[in-house]
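What follows is a short report on a single structure.
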Amino acid sequence: MPVQTATPAPAARGGRVSRLSQLTVPSMPQSVASTAAKSSFSQAPSTALVPPPPLAVKKDPKLANNWKTKSPAELTDAEVIAMPDTEYMNEKQMAFFRLKLVELKRGILENAGETTEHLREDTVVVPDPADRATIEEEHALELRTRDRERKLLKKIEQSIQRIDAGDYGYCDETGEPIGVGRLLARPTATLSLEAQQRRELKQKMFGD
């Protein structure tokens, strides 16, 4: 009778499970970790200053030097992406993202003002119960949206402060560059994509 041998279970794709099971979260305070980690990262011998962008972003070589002749306000997203990795978070990139954050902040404040006007205009009592319920639902939805934007506004202000301090663009946990592509998609990001995934996994596992 032939002896059956156990077939080894296939390894997890890319070793993701085994690596994630060994991950730990730094215990130092976040504000201290950001500066200390950034300092240790910059001192470590590394052949590349910046890792590949976490998002699927293609660089256009033809735009690589456009930043040298344009002001931060004139630069496009594609031109910032095309900048050499050695210029990561130089003065022009910092100024470019500062303008982006300021514009985002301005839009949120305008929306808040419009909401205030809407609520003031709709104070007239509507006799029809169905119409009144519809208006109240619209107000509730608009207020929930403004509440989310209020929280985002706080993150925007913190990001502007990070730019002024020279810490913008670097992961709070590892000190590694977050990447231009991720920052364009989420200008308030404070974690690299991998660090963000680790945090989300920890929250799912421990509910923290």
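Which entries in the list 68/151; 68/105; 62/154 go over 31 Å, if you measure between the two C-alpha atoms of each?
Values: 68/151 35 Å; 68/105 27 Å; 62/154 37 Å.
Where the Cα-Cα span goes over 31 Å, the pairs concerned are 68/151; 62/154.
Taking only the Cα atoms of the stretch 137-207, how large is their convex hull per residue, in Å³? Write down the numbers at each step before the final one.
Numbers: hull volume 8.1 nm³, N = 71.
Expressed per residue, the convex hull around the Cα atoms of the stretch 137-207 is 115 Å³.
Suppose each label sits 7 Å from its Cα in the direction of the beta carbon; what would the residue 206-residue 151 distance come out to in nanometres?
2.1
Can you list residues from other chains, or at least 5 along the same chain, whose modelled amide H is less than 5 Å from the amide H of residue 170?
Result for residue 170 returns 178.
Report the label-to-label distance for residue 194 and residue 58 in nanometres (one decimal), using points 7 Å from each Cα along the Cα→Cβ vector.
2.6
Read-outs: derived from the displayed coordinates by stated rules, not from any lab. These figures come from a predicted structure and were not determined experimentally. Backbone-built Cβ (ideal geometry, glycine too); neighbour counts: all protein chains shown.
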